[in-house]
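Notes follow the structure.
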Amino acid sequence: MEQKISSYGDGCIIVQSVGDGISVNLNQPHLALQPRHHRRGAPTKPLDVLNAFAHELPLQGRRAELASLHSWLADSRPIAVRAVIGAAGAGKSRLGLEICARAEAAGWQAGFITHAELDRFAAQQNLSVWGWRKPTLAVIDYAAAKAGILQRWLAELAEQGTPAHPLRLLLLERHAQADLGWWGDLARAGGPAASPGLARMLAEPTPMTLSGLSVGAERAALASAVIQAAAPLVGRQDQAGALEQAFARQGDDQREALPLDIAMIALLSVQDGRAPPCTDRADIAFALADHERHRLSVLAHDRHLDERILHHITALVCMSGPLDWDSLCTALTAEATAEPWPAAGPYERPLLDLLSGPQAEHVHPLQPDLIGEAFALNVLATMAPARRRQALSRWHAANPAAVQEALIRTAQDFAGHPKGAEVIEWLRAIIASLEDGLALAVFMDQMPEQTVDLRELAAEVTQKLCQQLRRDVRQNPAAVGPQADLAASLNNLANRLSALGQREAALAAAEEA
């Protein structure tokens, strides 16, 4: 019998075996990149137009940033790491997709590393011997959430010899500081012995910051692209020209605007058939989330589904991150047991159809994040307070890191809005429920350093972690590890309290450290 095996790509391992008692041990770790710049196409629903991973809008501006990244790729260093930071909607992911496409055109392999893939990769041994067979660019979004894995990986890479091909790691995040938090910790990974190698990798200690678009023609071109893509989806082709002209008339306006804000306003103009009455980003996001909620209600009616269940599970996914088939079934069972629904019914396949993403057999949050967060807030607002607390507690228990990250991101995105203040109270309730030191440390690592609205909350979780570590030190005073952890946490607490203006308390924490 003839057998054939075909393989595509680099680093493929094929094993054929015949007989009994065969053992195969593959020690070399492997890492899968997602070429997400390949997967974009024509939008099928209005929100696709705003999703950089689903639909390609022309990149406006960013010439200086792209030139800097091209120089970074061409740098003589064998391994180099760089961070790009910016507010939600600044275009970090869009820039990452663009540089991936350009690197690939120049002969590199390029793509994004998902958090799940990074977790799987980190579970392997000897990460430094991962072999890349051509110049490689890997992009990691929301990098702060995986800072621990990155520290270990970079420390190992710093110890290896010169690789045959260059490796570039581009880390995308909303915040980073050279001497504090996740980005500062990367330079200290592995201790003093690893610092020379890491210093070479991190030759750009200041992350690249993406600001808004200030050139009127660039803003008008972006709005026009959104209008042209969205108008056919909602049957407003006849109004597209007038809406484009309305944005073009703003060409002399030199105010800076984030690309996502421009795109959201343009999309809402198309969906409403007129210029939006306001330009507040939170109000625009809630309005677009309402349009998406209405769209899902129509689909639920057409498929004889309960729209409440569809809205509820969509909100859950927006707060919990992508769910595979098994996780979706588990979540549906848990929610159907806890919620006052007549019956959950066979919702797995319809949900997969309606919320499918780039990974097969997965449901994905609504994109962009800002609109998914607004959707979840709208759904949670319909619940009685006790029921809302119970739902958030269930979601957090099932996927604590993802829910914490989503709530922290939501609090940042809706800072100054009444619903943003509510999210901070939900986070306080989660902090109160955490008693394990590791869980508190994970939560603390997710807290941004520069967001004023979360400074008090960050100090609270750091203080609680210090209390837990003090107990650990008292229980085992001879152990060095807990003392080192306590000293580092006290130092962080001193920084947090100083940022709040609590100088005496900050000094006391620093002296204890």
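The values are calculated or read from the model by the stated rules, or taken from the named source; none is laboratory data. Predicted model only: the values in this text are computed from it and were never measured. Reconstructed Cβ throughout: ideal geometry from the backbone, glycine too, with neighbour counts over all protein chains shown. With ligands, DNA and RNA removed, areas are computed over all heavy atoms of the protein, side chains included. Shrake-Rupley method; radii C 1.70, N 1.55, O 1.52, S 1.80 Å.
Taking interchain pairs and intrachain pairs at least six residues apart, which have beta carbon atoms under 6 angstrom, with the first residue in the range 131-155 and in contact (Cβ under 8 Å) with a residue 60 or more places away in the chain and the second assigned to a strand (DSSP E or B) and among the charged types (D, E, K, R)?
Cβ pairs passing all conditions: Leu137/Arg168; Ala143/Glu173; Ala144/Glu173.
What residue, of Gly416, Gly420, is in contact (Cβ under 8 Å) with a residue 24 or more places away in the chain, under 27 Å from Leu370 (Cβ atoms) and open to solvent by 20 Å² or more (accessible area, probe 1.4 Å)? I'd like the intermediate steps shown before the answer.
Values: Gly420 fails: open to solvent by 20 Å² or more (accessible area, probe 1.4 Å).
Just one listed residue meets the conditions, Gly416.
Before we move on, is Pro365 free of Cβ contacts under 8 Å to residues at least 60 places away in the same chain and crowded, with 21+ Cβ neighbours inside 10 Å?
Working: free of Cβ contacts under 8 Å to residues at least 60 places away in the same chain: yes; crowded, with 21+ Cβ neighbours inside 10 Å: yes.
Against the criterion (free of Cβ contacts under 8 Å to residues at least 60 places away in the same chain and crowded, with 21+ Cβ neighbours inside 10 Å), Pro365 qualifies.
Would you mention how many residues in the range 430-444 are farther than 23 Å from Leu370 by Cβ and either surrounded by 13 or more Cβ atoms within 10 Å (Cβ to Cβ) or under 21 Å from the mean Cα position of the chain (by Cα) (or both)?
Here is the first cut: in the range 430-444, the residues farther than 23 Å from Leu370 by Cβ are 431-442, 444.
If we keep only those that are either surrounded by 13 or more Cβ atoms within 10 Å (Cβ to Cβ) or under 21 Å from the mean Cα position of the chain (by Cα) (or both) too, we end up with 431, 434, 437, 439-442, 444.
Qualifying residue count, the range 430-444: 8.
Considering each of Ala285, Ala229, Ala257 in turn, give the residue that is over 24 Å from Gly416 (Cβ atoms) and aliphatic (A, V, I, L, M).
Values: Ala285 fails: over 24 Å from Gly416 (Cβ atoms); Ala257 fails: over 24 Å from Gly416 (Cβ atoms).
Result: Ala229 is the single residue among Ala285, Ala229, Ala257 that is over 24 Å from Gly416 (Cβ atoms) and aliphatic (A, V, I, L, M).
For (1) more than 19 Å from Trp182 (Cα to Cα); (2) at pLDDT 85 or above; (3) in a loop (DSSP other than H, G, I, E, B), each residue gets a yes or a no:
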site: Gly420; (1), (2), (3): yes, yes, no
site: Ala432; (1), (2), (3): yes, yes, no
site: Ala441; (1), (2), (3): no, no, no
site: Asp445; (1), (2), (3): no, no, no
site: Gln450; (1), (2), (3): no, no, yes
site: Leu454; (1), (2), (3): no, no, no
site: Lys464; (1), (2), (3): yes, yes, no
site: Gln468; (1), (2), (3): yes, yes, no
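Free of Cβ contacts under 8 Å to residues at least 60 places away in the same chain, out of contact with any Lys or Arg (no Cβ under 8 Å at 6 or more places or on another chain) and open to solvent by 70 Å² or more (accessible area, probe 1.4 Å), is that true of Asn476?
Working: free of Cβ contacts under 8 Å to residues at least 60 places away in the same chain: yes; out of contact with any Lys or Arg (no Cβ under 8 Å at 6 or more places or on another chain): yes; open to solvent by 70 Å² or more (accessible area, probe 1.4 Å): yes.
So Asn476 passes the test.
Do any residues in the range 106-123 that are at pLDDT 90 or above have Cβ atoms under 6 Å from those of residues that are not hydrophobic (A, V, I, L, M, F, W, C), where the two are at least six apart or on different chains, and which pairs are they?
Trp108/Pro135; Gln109/Lys134; Gln109/Thr136; Ala110/Glu104; Gly111/Gln34; Gly111/Pro35; Phe112/Gln34; Phe112/Arg36
How many of the residues making up the range 356-401 are acidic (Asp, Glu) and not in a loop (DSSP other than H, G, I, E, B)? Quick ask: steps written out before the conclusion?
Taking the range 356-401 and keeping what is acidic (Asp, Glu), we get 361, 369, 373.
Within this subset, residues satisfying the condition of being not in a loop (DSSP other than H, G, I, E, B) are 369, 373.
Of the residues in that region, 2 qualify.
Quick one: would you say His291 is within 22 Å of the chain's Cα centre (by Cα) and within 26 Å of Ala421 (Cα to Cα)?
Values: within 22 Å of the chain's Cα centre (by Cα): no; within 26 Å of Ala421 (Cα to Cα): yes.
No, not satisfied.
Would you confirm whether any residue within the range 326-339 is part of a helix (DSSP H, G or I), at pLDDT below 85 and either among the hydrophobic types (A, V, I, L, M, F, W, C) or within 22 Å of Leu427 (Cα to Cα) (or both)?
Pass one, the range 326-339, residues part of a helix (DSSP H, G or I): 326-338.
Those left that are additionally at pLDDT below 85: none.
No, the range 326-339 has no match at all.
Does Ala87 count as open to solvent by 20 Å² or more (accessible area, probe 1.4 Å), touching a residue at least 12 places away in the same chain (Cβ under 8 Å) and closer than 23 Å to Gly372 by Cα?
Values: open to solvent by 20 Å² or more (accessible area, probe 1.4 Å): yes; touching a residue at least 12 places away in the same chain (Cβ under 8 Å): yes; closer than 23 Å to Gly372 by Cα: yes.
It is true that Ala87 is open to solvent by 20 Å² or more (accessible area, probe 1.4 Å), touching a residue at least 12 places away in the same chain (Cβ under 8 Å) and closer than 23 Å to Gly372 by Cα.
Among the residues of the range 280-298, which ones are surrounded by fewer than 16 Cβ atoms within 10 Å (Cβ to Cβ) and touching a helix residue (DSSP H, G or I) at 6+ places or on another chain (Cβ under 6 Å)?
Scanning the range 280-298 gives a single hit, Ser297.
Rundown of residues vs (1) at pLDDT 85 or above; (2) open to solvent by less than 50 Å² (accessible area, probe 1.4 Å), yes/no style:
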position	(1), (2)
Leu171	yes, yes
Leu186	no, yes
Ala199	no, no
Pro205	no, no
Ala217	yes, no
Ala220	yes, yes
Gln250	no, no
Ala257	yes, yes
Ile262	yes, yes
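Can you tell me how many residues in the range 479-513 are assigned to a loop (DSSP other than H, G, I, E, B) and open to solvent by 50 Å² or more (accessible area, probe 1.4 Å)?
Qualifying residue count, the range 479-513: 3.
In the range 129-145, what residues are within 13 Å of Leu31 (Cβ to Cβ) and open to solvent by 10 Å² or more (accessible area, probe 1.4 Å)? Before you say what the answer is, go through the steps one by one.
First, the residues of the range 129-145 that are within 13 Å of Leu31 (Cβ to Cβ): 129-133, 136-140.
Once the filter is applied, which keeps residues that are within 13 Å of Leu31 (Cβ to Cβ) and open to solvent by 10 Å² or more (accessible area, probe 1.4 Å), the range 129-145 yields Val129, Trp130, Gly131, Trp132, Arg133.
Within the range 368-387, how many residues turn out to be open to solvent by less than 50 Å² (accessible area, probe 1.4 Å) and in contact (Cβ under 8 Å) with a residue 24 or more places away in the chain? Steps first, please.
Taking the range 368-387 and keeping what is open to solvent by less than 50 Å² (accessible area, probe 1.4 Å), we get 368-380, 383, 386.
Filter once more, keeping what is in contact (Cβ under 8 Å) with a residue 24 or more places away in the chain: 368-380.
Summing the residues that are open to solvent by less than 50 Å² (accessible area, probe 1.4 Å) and in contact (Cβ under 8 Å) with a residue 24 or more places away in the chain in the range 368-387 gives 13.
Got at least one residue in the range 244-265 being closer than 30 Å to Ala176 by Cβ, free of Cβ contacts under 8 Å to residues at least 60 places away in the same chain, part of a helix (DSSP H, G or I) and within 24 Å of the chain's Cα centre (by Cα)?
yes
Among the residues in the range 341-355, are any open to solvent by 60 Å² or more (accessible area, probe 1.4 Å) and assigned to a helix (DSSP H, G or I)?
Yes; the residues of the range 341-355 include at least one that is open to solvent by 60 Å² or more (accessible area, probe 1.4 Å) and assigned to a helix (DSSP H, G or I).
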